[in-house]
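Here is the structure we will look at.
The values are calculated or read from the model by the stated rules, or taken from the named source; none is laboratory data. A quick note: this is a predicted structure, and the numbers were derived from the prediction, not measured. Ideal geometry is used to build each Cβ from the backbone, glycine not excepted, and the neighbour counts take in all protein chains shown. Just the protein is used for accessible areas: all its heavy atoms, side chains included, with ligands, DNA and RNA removed. Shrake-Rupley method; radii C 1.70, N 1.55, O 1.52, S 1.80 Å.
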Amino acid sequence: MYEEYLRNLLEPLGVYDLRTGTVNLAELSALGQGLDRVSGHLEAVEREALTATAEDQGLTRRESLFLRRPAAYTPEERRAAIAALLQIDGDSLTPSAINHTIGGCGVKARALEMGKGKLRVIFPEVAGVPPEFEQIRAIILEILPCHLEVEFYFRYLTWAECHRAAYTWADVEAAGHTWESFQLAVPDDETA
């Protein structure tokens, strides 16, 4: 890539003999290969230096800044969790700021004011208890103001949802559900 660039840059000058087999072309080729290696390394460094584009080492280094690593696995989830945790400041106590910030736990979470100093934390995209809940719970409790009473609320399949989805016991048995797996099932109309 850089060899071709250097050749196109120097050839019009007519000073260098850039025919195949010449020392000038060999030197240009060696320089181009060196620049290609440096360019590749710089691209990786630039990618990992920005939270929005980091994929591996950059995310790991940012996660090490926090007491607990968010329970997120894909680069997109990890980026979102890190961004949420980095925005915590003294003005993060509004309901919308709290809801955005607790996303730093690694899964989508919402805090609902229940009145009298109580908050209910729900996980709208997770059925049942989220994986790594103890880690998620610890992160959320560190983010939320300590004077609030926090309860965690988990979503399970309701009879109303079963009725709306027109489930029958035959459908449940055909799907091979156990009682536990059926409680965590989400009707098709809920996933859309």
Selection within segment 89-124 - under 17 Å from the mean Cα position of the chain (by Cα) and within 25 Å of A54 (Cα to Cα): N99, H100, T101, I102, G103, G104, C105, G106, V107, K108, A109
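Counting just the residues of segment 10-20 that are among the hydrophobic types (A, V, I, L, M, F, W, C) and surrounded by 11 or more Cβ atoms within 10 Å (Cβ to Cβ), which one comes out modelled with the highest pLDDT?
The residue in question is L10.
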Which listed residue is aromatic (F, W, Y) and in contact with a Lys or Arg (Cβ under 7 Å, 6 or more places away or on another chain), from F152, F66: F152
Filter result for L42 (part of a helix (DSSP H, G or I) and surrounded by fewer than 19 Cβ atoms within 10 Å (Cβ to Cβ)): yes
Matching residues in segment 45-75 - criterion: being exposed (fewer than 12 other Cβ atoms within 10 Å of the Cβ) and either polar (S, T, N, Q) or touching a strand residue (DSSP E or B) at 6+ places or on another chain (Cβ under 8 Å) (or both): S64, T74
Qualifying residues in segment 76-96 (those that are among the acidic types (D, E) and part of a loop (DSSP other than H, G, I, E, B)) - the one least open to solvent (accessible area, probe 1.4 Å): D89
Any hit, segment 64-75, residues being under 25 Å from E142 (Cα atoms), of a type outside the set (F, W, Y) and part of a helix (DSSP H, G or I): yes
